[in-house]
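What follows is one structure encoded as structure tokens, with my remarks underneath.
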Amino acid sequence: MQKVLIVGGGICGMCAALALSRKNMQVTVLERDGPPPEGDADAAFFDWNRRGAAQFRHPHAFLGLMCNILQDNYPDLVEAFWAAGARKVTFDQMLPLALKEQYIPVEEDKKLWLLMCRRATIETVLRRYVGAQKNIEIRNDVIVNGVILGNAEQEGAYPTVKGISIRLSKGESDVSIIEADIVIDASGRTSQFQAWLAKEGVEIKEEKEAAEIVYYTRHYQLLPGVEEPSRHREERSAGDLGYLKFGVFPGDGGNFAVIICLPDGESKLRQAVKNAEQFDEIVSLIPGVLPWVSKDKSRATTPPFGFSDIHAVWKHFVSDGKPQVLNFFAVGDAAVRTNPLYGRGCSISALHAHILADVLEEIKDPIERALIYEARTEEKIRPIYKASLNEDRQGIQRAKAIVEGRIFDKANTFKKWLRLAIGDAVGAAAREQIHVLRGAMRTFNLLEKPGDFLSEWPIRLTLMRYMLKGREQNAKARYQPGPSRSEMIELVDKNRDK
Ligand SMILES: Cc1cc2nc3c(=O)[nH]c(=O)nc-3n(C[C@H](O)[C@H](O)[C@H](O)COP(=O)(O)OP(=O)(O)OC[C@H]3O[C@@H](n4cnc5c(N)ncnc54)[C@H](O)[C@@H]3O)c2cc1C
């Protein structure tokens, strides 16, 4: 059995531990935070100290890609999510009213489902499930603080990781060394491995681009006896006002969260949503959100809180066809990050963990392992990263257009115009044409390479028809009813002067 150390026991660390244990490897997970507290999902949400995962209390939706990986490989784990209050949101439950009436189920719809619950709930169940596997040991309250390379001085040899150094997060603790055959970095967005490796002369190149947005969350709970508002209403509970994106994330046990996403430049609105009263006032003005947050329907359970410093990040572990380091693999956020607005991070993590497990099972030569892992990561995950990056860039352009009073972003080349016009047509057609919605949902759920559905002829023909209506007409479908930017700023100014 190969001895594998996984640094980080978040979503990806846990998925990697599961996938590797099924390949007959002996896995130890080292996690800086403590275990979930005893008790139910509320105890985990309110009491679990998760300093290591700053996004822990922001709402998460788990897309079809992750759901299907878990369902296919660990059906009993998915059953445990249901038992803890998580919910399955199926394709037909997500249909707008007009499409609901003409809906006829097809086989592929079974794959188009989301798992919804607070991240605290899913993480607690996942941790307990992983901790009960016989090949896996989880060591909590252990901070990894360095990497050990075996042959750093040997000329011509590939740098090879032999282990890591740790200290305990509680009380006095000396640094100690743990050796391993393989070290996996699943320490998330704050991973230090790049810096530690750089000190040993190993350069991991990185692409990094700001999304130029800030993300705010507030949690609520439905009052006793209050039913969730229907999903099949005209006013959607998630969408875009142009200058502000919003979303309701239904969770477990009557809990739900509302998010607001603002461009970096919207400083007045950004300041306002930090204030609990103003947050409520702003979201109450959005018709799709009001039925959730009105005072007779729900109560807030947390203040609003934000998440900034959002970047798309891609790390390269192979340079000029050569691995930069052997016996070391980064997975999940430690290797690839996308804008949380798209909800792709956990699905990428689950996929990445399973890619790694397959490579480690199939290939024994350390150099080939590193090369094949990089190649499969490029093949399967790079298209998702690129699509996310393009969406970020487009979002930045759209935010600028809205400030300048235009409904859509301008294109300066025909190629760009065509891409934008197709995007607008997809947005409009997906509201009215079920075959287009189905295709778009395959891409949304990461069940196909982003945009693959656009190569299907029935979809192409429909989109051509929509393109004839013009960009302005189609772009309108993207935006939800709600106050204009100037109305919202006026409200904020009035509240500030009170
Ligand atoms: C605001 C926000 C909202 C998001 N919403 C969604 C969503 O709706 N859907 C979705 O799929 N994704 C979402 N994501 C992305 C998702 O949270 C991440 O992609 C996912 O958690 C990545 O898993 P990970 O295991 O790589 O990292 P994490 O889950 O962050 O786990 C890293 C773990 O490593 C531990 N650790 C760190 N350093 C050390 C160390 N030195 N020693 C020991 N342990 C260490 C941490 O304590 C943590 O447990 C969101 C992200 C943000 C920021």
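Rule-based calculations on the coordinates, nothing more; no lab input. In this text the structure is predicted, and so the values were computed from the model without any measurement. Don't worry about glycine lacking a Cβ; one is built from the backbone with ideal geometry, like all the others, and counts go over all protein chains shown.
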- Item | Three-way shape label, the stretch 212-309, alpha-carbon gyration tensor, a/c 1.5 | prolate
- Message: Report for the chain the percent antiparallel among DSSP-assigned beta bridges with both residues inside it, nearest 5.
- Response: 75 percent
- Item | Cross-link partners of LYS295 among aspartates and glutamates (Cα-Cα below 15 Å; sequence separation of 8 or more within a chain) | GLU227, GLU228, GLU277, ASP280, GLU281
- Query: Over the chain, what per residue volume does the convex hull of the Cα atoms give, in whole Å³?
  - Reply: 168 Å³
- Straight-line reach from LYS494: which lysines have a Cα under 18 Å away, not including same-chain ones fewer than 8 places off? LYS268, LYS274
- Label GLU472 and ASP358 with points 7 Å out from Cα along Cα→Cβ: what is the distance between them in nm? 4.9 nm
- Item | Charge dipole (debye, nearest 20) of the chain; +1 at Cβ of Lys and Arg, -1 at Cβ of Asp and Glu | 1200 debye
- With contacts defined as alpha carbon pairs under 8 Å and 6 or more residues apart, what's the relative contact order of the stretch 36-145 in percent? 36 percent
- Given only helices, namely DSSP H runs of n ≥ 4 each adding -39500 (n - 2.57), what is the per-residue ellipticity at 222 nm of the chain, to the nearest 500 deg cm²/dmol? -12000 deg cm²/dmol
- Sum of side-chain charges, PRO481 neighbourhood, beta-carbon under 13 Å (Lys, Arg +1; Asp, Glu -1): 0
- Note: probe point = Cα of ILE489 + 7 Å toward Cβ; backbone nitrogen < 20 Å; residues of the stretch 264-282 passing the test are 264-275, 278-279, 281-282
- Task: Report the relative contact order of the stretch 212-309, percent, no decimals, based on alpha-carbon pairs under 8 angstrom and at least 6 residues apart.
- Result: 44 percent
- Note on the structure: Yeah, the stretch 397-476 with a ≥ b ≥ c from its alpha-carbon gyration tensor (a/c under 1.5 is rounded, else prolate when a/b outruns b/c, oblate otherwise) is prolate
- Query: Given R₀ = 51 Å, FRET efficiency for HIS232-ALA157 by Cβ-Cβ distance, to 0.05?
  - Reply: 0.25
- By its C-alpha gyration tensor, with a ≥ b ≥ c as the square roots of the eigenvalues, how is the stretch 107-181 shaped: rounded for a/c under 1.5, else prolate for a/b larger than b/c, else oblate? oblate
- Where Lys and Arg each count +1 and Asp and Glu each count -1, what net charge lies around LYS23 among other residues with Cβ under 9 Å from its Cβ? -1
- May I ask you to compute the full-extension gain from ARG167 to ASP309, defined as 0.36 nm times their residue separation minus their alpha-carbon distance, rounded to one decimal in nm? 48.3 nm
- Within the stretch 212-309: Cβ-based charge dipole about Cα centre, in debye rounded to nearest 20 (Lys, Arg +1; Asp, Glu -1): 140 debye
- Task: Just need the relative contact order of the stretch 1-78 here, percent rounded to a whole number, with Cα pairs under 8 Å and 6+ apart.
- Result: 22 percent
- Query: Gap in Å between the Cα centre of the stretch 58-115 and the Cα centre of the stretch 473-498?
  - Reply: 33 Å
- Within straight cross-link reach of LYS162, meaning Cα distance under 22 Å, which lysines are found once same-chain residues fewer than 8 apart are removed? LYS3, LYS23, LYS199, LYS205, LYS315, LYS322, LYS364
- Note on the structure: Listed by chain and number, the residues whose amide H is under 5 Å from that of ASN151, excluding neighbours fewer than 5 places away on the same chain and using placed H, are THR160
